[in-house]
Amino acid sequence: MKNMFIEEIVGKVGEEVELYGWVDSKRDHKKIVFIDLRDRTGVVQIVGGEEFKQLSSEDVIYIKGLVKKRPEKLVNPKIKTGTVEIEAKELKILGKSKVLPLPVNTEGYDIDEEVRLKYRYLDLRRPRMTRNIILRSKLIRLVREHLTKKGFIEIETPLLTKSTPEGSRDFLVPSRLHPGKFYALPQSPQQYKQLLMTAGFERYFQIARCIRDEDSRADRGFEHTQIDIEMSFVEREDVMKMDEELITSVVEEMGYKIKQKPFPMITYQESMKKYGADKFDMRTEEDKKNGILAFAWVIDFPFFEKTDTGGWTFTHNPFSAPLPKYKEQLLKKENIGGILTSQYDLVCNGYEVGGGSIRGHEPQTLQAVFEIMGYKKEEIVQKFGHMLEAFEYGTPPHGGLAHGIERLLMTILNEKYLREVVAFPMTSGGHTSVMDAPSEVSDDQLKEVGLKIRK
Ligand code: ASP
């Protein structure tokens, strides 16, 4: 078993070590052959003899060798292990490599997306991509640690579920046991996390997979993962404060600087006046150079907006409560365009990196929202009866929020595309990495789920 990463050898001068990794590069000086051996933690120079001539780039090898200090003038300050090199005593080839179809020792931004995603398992060898994926793992670990310390319980919610109205199209899954009926993949765990508040868990979080059939864009895809949070017995400011502590501690722990603390807060009205949008970038050119993160809260959004057909729809989340002073108007369905919601959005460097609200935890509030949107009584019962019923059995006031991990990480790392922080993303045309989905299925499979394809 491999029990040492390459970055650890700096402290092992004078010792014999066993290393495993990939041949990053080879320099053949006739009698001596130098290679750089790479693993996910870095590279180290190996000095070998004749038998190293057979090696090619990206071969996987085992080396036993002596760690030696490099003479002062041969130190390479560009790599972590630049003060040492390994004098090879034994070499084993564990996996040969053909010439790669794409270079992996560059940043990779100039390589065609289709090629990068077809060979994603190679593309991920690129140090930038390896780093991004490792930082993603770190971010999630820090979130888990912080929230667990604060009394949050991590709970999984179903992936096969019923359609949630979160403003996107659902991905549907046909049921084999109930032909003609469908599950929907969750756009978010919104309803389940609220039901967990009824259940009495009080503080919930989940690193939740969410699936929305959206037209894909640089900062939006079919699948994303969110840090999903819900808490009971809170008001708007409590959730914002809890979240601000979370975000601050996590990004600072990752080594990034925040422009302003506490995060500035701006109303939707002011934001539209000042920036012409509800997300904005407060960084100076200097901040941008230094990788500063400029977070801000946006609050006081209108609850509803007009639809093309003259009705009303929600702007953010139908499960939100209005701000307390608009509660009466909501129940009476008056001044609909003027009702403000308890929604809060977190903005960073021009992106929306999170958002949530205090929820309407009384059945009549939720009922009124759906009535304003033009749902008929039976339809409300059919679609949301389970929520209305749950709210009749002692549901505490509650609220929460969610952060799209990809959006957050892409902002922190100053990447332009979501796919730069996802191990196996979809292409912009909606094809999976490496495996070629969506793909056709056999007639038998279709028959089993009771479907027929219309030509
Ligand atoms: N469900 C919301 C979303 O996915 C977040 C929330 O309000 O908690 O955007």
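Throughout, read-outs are computed from the coordinates displayed, never taken from laboratory work. Everything numeric in this text was worked out from a predicted model, so none of it was measured. So basically every Cβ, Gly included, is an ideal-geometry build from the backbone, and we count neighbours across all protein chains shown.
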Checklist entry - Rounded, prolate or oblate: which fits segment 118-169 when a ≥ b ≥ c are the square roots of the eigenvalues of the alpha-carbon gyration tensor, with rounded for a/c under 1.5 and prolate only if a/b beats b/c? => result oblate
Next on the checklist: Are there any chymotrypsin sites (Phe, Trp or Tyr not before Pro) in segment 1-55 that are in a DSSP loop and have at most 10 other Cβ atoms within 10 Å? List them by number.
Outcome noted: none
Checklist outcome for this item: For L159 and Y393, extending 7 Å from Cα along the Cα-Cβ vector and measuring point to point gives, in nm, a value of 2.8 nm
Next on the checklist: Test of understanding: what is the full-extension gain from S249 to K96, defined as 0.36 nm times their sequence separation minus their Cα-Cα distance?
Outcome noted: 50.7 nm
Item to check | Mean Cα-pair separation over length for segment 124-223, i.e. relative contact order, pairs under 8 Å, 6 or more apart, % | outcome: 25 percent
Item to check | Degrees, to the nearest 10: 127-149 long Cα axis against longest axis of the chain | outcome: 50 degrees
Checklist entry - So which lysines pass the test for K288, namely a Cα distance under 19 Å, with those fewer than 8 places away in the same chain ruled out? => result K257, K259, K261, K279, K416
Item to check | Global geometry of segment 234-302, whether rounded, prolate or oblate, following the gyration tensor of its Cα atoms and the 1.5 cut on a/c | outcome: oblate
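In debye, nearest 20, what is the charge dipole magnitude of the chain about its Cα centre with +1 on Lys and Arg Cβ and -1 on Asp and Glu Cβ, if you could check?
1060 debye
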Checklist entry - Got a sec? Charge dipole of the chain, +1 on Cβ for Lys and Arg, -1 for Asp and Glu; which of L195, Y121, T313 is way out at the positive end? => result Y121
Item to check | Chain lengthening between N105 and I207 when straightened (0.36 nm per residue, less Cα-Cα) | outcome: 33.6 nm
Checklist entry - Put +1 on the Cβ of every Lys and Arg and -1 on every Asp and Glu Cβ in segment 211-293; which of V251, F280, S232 then has its Cα farthest towards the positive end of the dipole? => result F280
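If you filter segment 398-434 for GluC sites (Glu not before Pro), then keep DSSP loop positions with at most 15 other Cβ within 10 Å, what is left?
Here no GluC sites (Glu not before Pro) fit, given the DSSP loop and packing criteria.
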Checklist outcome for this item: Given the candidates L172, P322, S442, the one whose Cα lies deepest towards the positive end of the charge dipole of the chain, counting +1 at each Lys or Arg C-beta and -1 at each Asp or Glu C-beta, is S442
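Could you give the dipole magnitude of segment 220-286 about its Cα centre, charging the beta-carbon of Lys and Arg +1 and that of Asp and Glu -1, in debye to the nearest 20?
In debye, rounded to 20, segment 220-286 gives about 380.
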Checklist entry - Given the C-alpha centroids of segment 251-325 and segment 195-234, what is the distance between them in whole angstrom? => result 18 Å
Item to check | Three-way shape call for the chain based on the alpha-carbon gyration tensor, with the a/c threshold at 1.5 | outcome: prolate
Next on the checklist: Give me the one-decimal nm value for the distance between modelled label points at E440 and K73, 7 Å along each residue's Cα-to-Cβ direction.
Outcome noted: 6.9 nm
Checklist entry - What is the calculated FRET efficiency for A199 to A277, with r their C-beta to C-beta distance and R₀ = 45 Å, to the nearest 0.05? => result 0.75
Item to check | Within segment 180-222: Cβ-based charge dipole about Cα centre, in debye rounded to nearest 20 (Lys, Arg +1; Asp, Glu -1) | outcome: 100 debye
Checklist outcome for this item: Taking Cα atoms only, helix 363-372 is inclined relative to the longest principal axis of the chain by an angle, in degrees rounded to 10, of 90 degrees
Checklist entry - Listed here are the pairs K80/K138; K150/K193; K31/K78; which of them are more than 22 Å apart at the Cα? => result K31/K78
Item to check | Reachable lysines, given that their alpha-carbon falls under 23 Å from the alpha-carbon of K377 and they are not under 8 places away in the same chain | outcome: K162, K181, K306, K327, K332, K333
Next on the checklist: Given a Förster distance of 51 Å, report the FRET efficiency between K241 and H178 from their Cβ-Cβ distance, rounded to the nearest 0.05.
Outcome noted: 0.70
Item to check | Sequence-distant aspartates and glutamates (8 or more away, or on other chains) whose Cα lies within less than 14 Å of K12 | outcome: E85, E87
Checklist entry - Please identify the trypsin sites (Lys or Arg not before Pro) of segment 95-167 that satisfy two criteria: DSSP loop assignment and at most 11 other Cβ atoms within 10 Å. Which are they? => result K98
